[in-house]
1. Can you tell me the relative contact order of the chain? Whole percent, Cα pairs under 8 Å, sequence separation 6 or more.
2. Quote to one decimal, in nm, the extra length available between residue 137 and residue 32 on full extension: 0.36 nm per residue of separation minus the C-alpha distance between them.
3. Among 46, 70, 55, determine the one that fluctuates most according to a GNM of the chain built with springs between C-alpha atoms less than 10 Å apart.
4. Using a simple spin-label model with points 7 Å from Cα along the Cα→Cβ vector, what separation in nm is obtained for residue 62 and residue 90?
5. Taking the Cβ of each residue in 103, 131, 39 as the centre, tally the other Cβ atoms inside 10 Å and list the residues starting with the fewest.
6. With 10 angstrom as the radius, rank 40, 134 by how many other C-beta atoms surround their C-beta, starting from the fewest.
7. Need the C-alpha centroid separation for region 77-137 versus region 8-35, integer Å.
8. How many percent of the alpha carbon pairs in the chain exceed a separation of 21 Å?
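Nothing in this text is a laboratory measurement; each read-out follows from the coordinates by a stated rule. Keep in mind it's a predicted model, so treat the numbers as computed, not measured. With ideal geometry, Cβ positions are generated from the backbone for all residues, glycine too; neighbour counts draw on all protein chains shown.
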């Protein structure tokens with residue numbers, strides 16, 4: 001079982017402690033016991049500000065048992081198609097959300113499920129994606 005991890009879960013764990021930190025730790029532990037953990041380059045970029053260098057980032061991912069996994073062409077295309085659908089449906093689409101669609105596309109086509117706190121639009125725009133909410137742990 002391969003679990004893709006969303007940046008919000010990792011930020012809850014590596015950033016300042018907050019009300020989601022304990023749930024994030026439990027969810028990551030459960031996912032690690034179920035199989036492989038991966039992140040896409042977008043997630044790595046989103047969490048990189050919590051580290052002084054790319055070496056520290058790579059070391060932290062390694063210690064957590066998380067592999068950085070490049071995005072396939074099919075995942076990129078699927079993410080783009082879902083984003084275009086979102087822009088068509090929304091009266092005020094948010095340009096920053098493209099990153100979230102890339103995370104969703106990566107998870108759908110390169111993992112078995114996604115661990116996140118943002119389950120709503122993933123379920124709407126990636127209905128075949130198994131979405132785990134870290135708050136359920």
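1. Over the chain, the number comes to 33 percent.
2. Full-extension gain reported as 36.5 nm.
3. 55
4. 3.7
5. 131, 39, 103
6. On the way: 40 28, 134 25.
Fewest-to-most ranking of 40, 134: 134, 40.
7. Value for the Cα centre distance between the two parts: 19 Å.
8. 38
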